[in-house]
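Derivation of every value follows stated rules applied to the coordinates shown; laboratory data play no part. Keep in mind that what you see is a predicted model, and the values were worked out from it rather than measured. Neighbour counts are summed over all protein chains in view; Cβ atoms, including those assigned to glycine, are modelled from backbone coordinates with ideal geometry.
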Amino acid sequence: MNSRSTWFWVALAGGLFAFIFFFERHLQKPAIGPMKILPRLTASAVTSIQILPKGKVEIRAERTNGAWRLTSPFSYPARPDRVQELLVALESLTPATSITAQELKNVPKADERYGFEPPQNTLVLRQGEDQTFIHLGYRTAPGDQLFVQVVGIGEVYVVDADLLKLIPARADDWRDPRLVDLMQIVSDRLLVTNAGKAFELQRNPTNQLWRIILPGWETRADSDKVREALTRLQDLRAIQFVSDDPKADLDSLGLQAPELSLAFAQGTNAVLQLHFGKSPTNDTGQIYARRSDENSVITVSKDALAPWRASYDVFRDRHLVTMTGPLDSIEVRAQDHFTIERGADNTWRILPGGVAADPELVDAFIRNLGDLQVSEIVKDVVTAPDLPNVGLASPSRQFTLRAAVTNAAAGITNRIIAQLDFGTNQDDRVYARRTDESSLYTVTQADLALLPSASWQLRERRIWHFDESDVARILIHQDGRTREVVRNGVNSWSLAPGSQGIINDLAMDEVAHQLGGLTAESWIAQGDENRARYGFTTNSLRVEVELKTGRKLSVEFGATAPSGSTYALTALDDRPWIFEFPWRLYHQYVQTYLTIPATLH
């Protein structure tokens, strides 16, 4: 082998050595990054986390039955989000780089240099039978990274210093600030004691509606107001953590005999009590609070408790009836006795007789029933002798609301949702009561007037239906004169002999089309005895439509209604019916094309 070949192999070996050295030491090292420092850690499986800060009190949190709780330096519910945030960060923790055990041997006093003698923080995690110790050291020189050591692993890792933001500086940082988490409480009763006066709220498990129960009587609660007050309670947060001493002077804080107490129960079993006392002398906007199952005393916002500090009357339902589902029938006793009943096809009929009810009018009826509110609570407990004095012994109006209920034994039955009785009208007040309650109320006359008192008021409002091609002629009667317009075909009309005027063929076809779908705006009255009252005279405008079948349909016009519409009269079931005529149809078509000018004879 000559010297030139020898130097070639020496140079090649040197190059390979340099490549291996730099690749292994510098190029491959960053590949450590994606590797997890705690590959066996599963955040959801950790049952205990202990934080030992240098020179400070230990902080420990433990998970039991899925809930985190601080157990040191005091016992208190922990914030699950913050505990979990730290555990998830540790589960996915990866190093930016590391210092191997071999390299650490060449670093004098390495533990002191990197902040592990003693550690700045030690985290102890328990997962099943395994326990993991993690030491946190100093920050690196730039300050954006942190030295970390896992006990039992020879390396020192360099990680993002943001990890420190997730570690509580004091135990209060991990306290759950909520006074109560109502989602974790199973209860159907709430006893409210306020300044020595007590009332109970009880929730129906079937319809979830609340009732107010007091000694000797009960009434419906406004469930929306109860839910709103409970939501404010759920949102209540600790402003200050005052004491964790089980021997704290509760009397000085107004908590020995609480000014306000909320006691949750499920059936006869007590679940939790919340006690509220005085305000701190330096802040009347706060109030001392304490849970019956905790030693800790905190302060919370006084204003957030305003609904609970008021009278039970705040929670009373001012509606006479609360709609929790669809109704199937409403029985009415007023001017006449009738029932509107929902059919299988969701249409409504009026019984007896089976006449179709107008769906919009029925919807408005049900909506107005649901909106009907008490104007005054006259008496909490009314007795039978009181009823004749207010016209409720024989009510002037009575509404019985029923809904279908499926029963395994009896099949489908109608259950009474509510029966509303209305009595005497005095000073625009109408006395009212529910037969399932003891209270006596009043409602305004205007609100009661929105409810029908006769079956005809709910009748289908479609007067008739025909196509313009069905029309043979239209006769106009006004002020003792008559004009007859004959339809000859599509957009073709002519005046009958003896009639005068000008005809707009296109407009007359549209008039016939509009009249063919005539629908009342609202029903007003029945009977000839009401003609004069609503402006009908012998000279009133009357339009008569004669169909090709020989059928004759007639509508007569009277005075102007308060709504701006015009009163109209037609015959249905051989009786005069008075209604409000559609405003647009009257002003745009009837007045323009179906009247006789005074200049024509």
Label region 182-315 by shape, choosing from rounded, prolate and oblate, from the square roots a ≥ b ≥ c of the eigenvalues of the Cα gyration tensor; if a/c is under 1.5 it is rounded, and otherwise prolate applies when a/b is larger than b/c, oblate when it is not.
prolate
Dipole moment magnitude, nearest 20 debye, region 468-593 about Cα centre, only Lys, Arg, Asp, Glu C-beta charged
200 debye
Amide H partners (placed H, <5 Å) of residue 93, local residues excluded
37, 38
Given H placed 1.01 Å from N in the peptide plane, which residues other than close sequence neighbours of residue 374 have an amide H under 5 Å from its amide H?
319, 320
As I understand it, the dipole of region 204-284 uses +1 on the Cβ of Lys and Arg and -1 on the Cβ of Asp and Glu, about the Cα centre. Which of 265, 250, 217 lies farthest toward its positive end?
217
Please turn the phi angles of region 427-444 into ³J(HN,Hα) values with the Karplus equation 6.51 cos²θ - 1.76 cosθ + 1.60 (θ = phi - 60°), one per residue in order, whole Hz, x for glycine and proline.
6, 6, 10, 10, 5, 8, 7, 9, 5, 9, 10, 9, 7, 10, 10, 10, 10, 7
All other residues with a Cβ under 15 Å from the Cβ of residue 404 taken together, and with Lys, Arg as +1 and Asp, Glu as -1, what is their net charge?
-1
Lys, Arg +1 and Asp, Glu -1 on Cβ, resulting dipole of the chain about Cα centre, debye, nearest 20:
1340 debye
Which ³J(HN,Hα) values, rounded to whole Hz and listed in residue order, are derived for region 166-175 from phi using the Karplus coefficients 6.51, -1.76 and 1.60 in 6.51 cos²θ - 1.76 cosθ + 1.60 with θ = phi - 60°, glycine and proline given as x?
8, 9, x, 6, 8, 4, 4, 5, 9, 5
How much length, in nm to one decimal, is gained on full extension between residue 310 and residue 394, taken as 0.36 nm per residue of separation minus their Cα-Cα distance?
26.5 nm
Going by how many other beta carbons lie within 10 Å of each one, how would you line up 129, 117, fewest first?
129, 117
Between residue 124 and residue 182, the FRET efficiency computed from the C-beta separation at R0 = 35 Å comes out, to the nearest 0.05, as 0.55
On full extension of the chain, what length is gained from residue 446 through residue 571, given 0.36 nm per residue of separation minus the C-alpha to C-alpha distance?
42.0 nm
With a Förster distance of 41 angstrom and the Cβ-Cβ distance between residue 428 and residue 539, calculated FRET efficiency to the nearest 0.05 equals 0.60
Residue 589: net charge of surrounding residues, Cβ under 14 Å, Lys/Arg +1, Asp/Glu -1, itself excluded?
-2
Prolate/oblate/rounded call for region 27-124, Cα gyration tensor, a/c under 1.5 rounded
oblate
Along the charge dipole of region 329-458, pointing to its positive end and built from +1/-1 on Cβ of Lys, Arg, Asp and Glu, which listed residue (378, 339, 392) has its Cα farthest out?
339
Evaluated at 25 °C and 0.890 mPa s, the Stokes-Einstein D of region 522-590 based on the Kirkwood radius over Cα pairs, in µm²/s, stands at 197 µm²/s
Please list, in chain and number order, the residues 5+ apart from residue 379 or on another chain whose amide H is under 5 Å from its amide H, with Hs placed from the backbone.
440
What helices does the chain have that are whole DSSP H segments, at least 20 Å long along their own axis by Cα, and with mean Kyte-Doolittle hydropathy of -0.5 or more?
3-22
For region 468-593, what is Rg from Cα atoms divided by 2.2 N^0.38 Å, rounded to two decimals?
1.05
Using only Cα atoms, locate the centre of region 109-148 and the centre of region 544-601, then give the distance between them in Å, rounded to an integer.
93 Å
Footprinting exposure proxy for 362, 156 (fewest neighbouring C-beta atoms within 10 Å first):
362, 156
In debye to the nearest 20, the charge dipole size for region 182-315, taken about the Cα centre with +1 at each Lys and Arg Cβ and -1 at each Asp and Glu Cβ, equals 260 debye
Using the Cα gyration tensor of region 364-468, the equivalent ellipsoid's semi-axes, largest first and to the nearest Å, work out to 30, 23, 11
Pairwise over distinct Cα atoms, reciprocal of the mean inverse distance: report the Kirkwood radius of region 444-506 in Å, one decimal place.
15.5 Å
Answer with a single label: of (i) 82, 42, 20; (ii) 76, 25, 19; (iii) 42, 31, 21, which was calculated as semi-axes √(5λ) of the Cα gyration tensor in Å from the structure in view?
(i)
Taking neighbour Cβ counts within 10 Å as the exposure measure, how do 555, 355 sort from fewest upward?
355, 555
